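Worksheet: one structure, shown below.
The values are calculated or read from the model by the stated rules, or taken from the named source; none is laboratory data. Fair warning: this is a prediction, and the values are worked out from it, not measured in the lab. Heads up, the Cβs are rebuilt from the backbone with ideal geometry, glycines too, and the neighbour counts pull from every protein chain shown. Calculation scope for accessible area: heavy atoms of the full protein, side chains included, ligands and nucleic acids excluded. Shrake-Rupley method; radii C 1.70, N 1.55, O 1.52, S 1.80 Å.
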Amino acid sequence: EQAEKEAVDFFEKLLSNNGDKSVDHFHKILGKIMWEKCGMSRNKHGLKSAISEIIHLRKEFYRNVKIPGSNSGYNEELAKAGRVADFLELAELFARDAL
């Protein structure tokens, strides 16, 4: 029951956001950060920069993402937003681990 309530609250928060950027916008930026700074050719400076950028991007995501539709049925954009939220946390973890 607790987990279900937390999930519903999380998705309600995302849906009620009055942002102006799509989920794909954030996904693409995160992909670029990971490709350029956390890939096979990485260094300490790049990883520290990536961690900082990911933290900033995650804050911006929660502040400025726009998700059309509702949670009354299946909403592909809402599902994608949940995955991107997870990717933002995982990306920071990967960068910290690589550092």
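Contact map, the stretch 75-89: residues that are in contact (Cβ under 8 Å) with a residue 60 or more places away in the chain and farther than 18 Å from Trp35 by Cβ paired with residues that are open to solvent by 50 Å² or more (accessible area, probe 1.4 Å) and among the polar types (S, T, N, Q), Cβ distance under 7 Å, separation 6+ or inter-chain. Pairs shown: Leu78/Asn71. Checked against (1) within 23 Å of Asp97 (Cβ to Cβ); (2) surrounded by 13 or more Cβ atoms within 10 Å (Cβ to Cβ); (3) among the charged types (D, E, K, R), Lys44 meets all criteria but (2). One residue stands out among those in the stretch 73-99 that are charged (D, E, K, R) and open to solvent by 80 Å² or more (accessible area, probe 1.4 Å): the one that is modelled with the lowest pLDDT, which is Glu76. Selection of the stretch 2-26 for residues being open to solvent by less than 80 Å² (accessible area, probe 1.4 Å) and not small (Gly, Ala, Ser) yields Val8, Asp9, Phe10, Phe11, Leu14, Leu15, Asn17, Lys21, Val23, Asp24, His25, Phe26.
Quick check on the stretch 46-83: of everything there that is aliphatic (A, V, I, L, M) and touching a strand residue (DSSP E or B) at 6+ places or on another chain (Cβ under 8 Å), which residue is farthest from Glu6 (Cα to Cα)? Before the answer, list the steps.
Residues of the stretch 46-83 that are aliphatic (A, V, I, L, M), as a first pass: 47, 50-51, 54-55, 57, 65, 67, 78-79, 81.
Filter again for touching a strand residue (DSSP E or B) at 6+ places or on another chain (Cβ under 8 Å), leaving 65, 81.
Values: Val65: 19, Ala81: 15 Å.
My answer is Val65.
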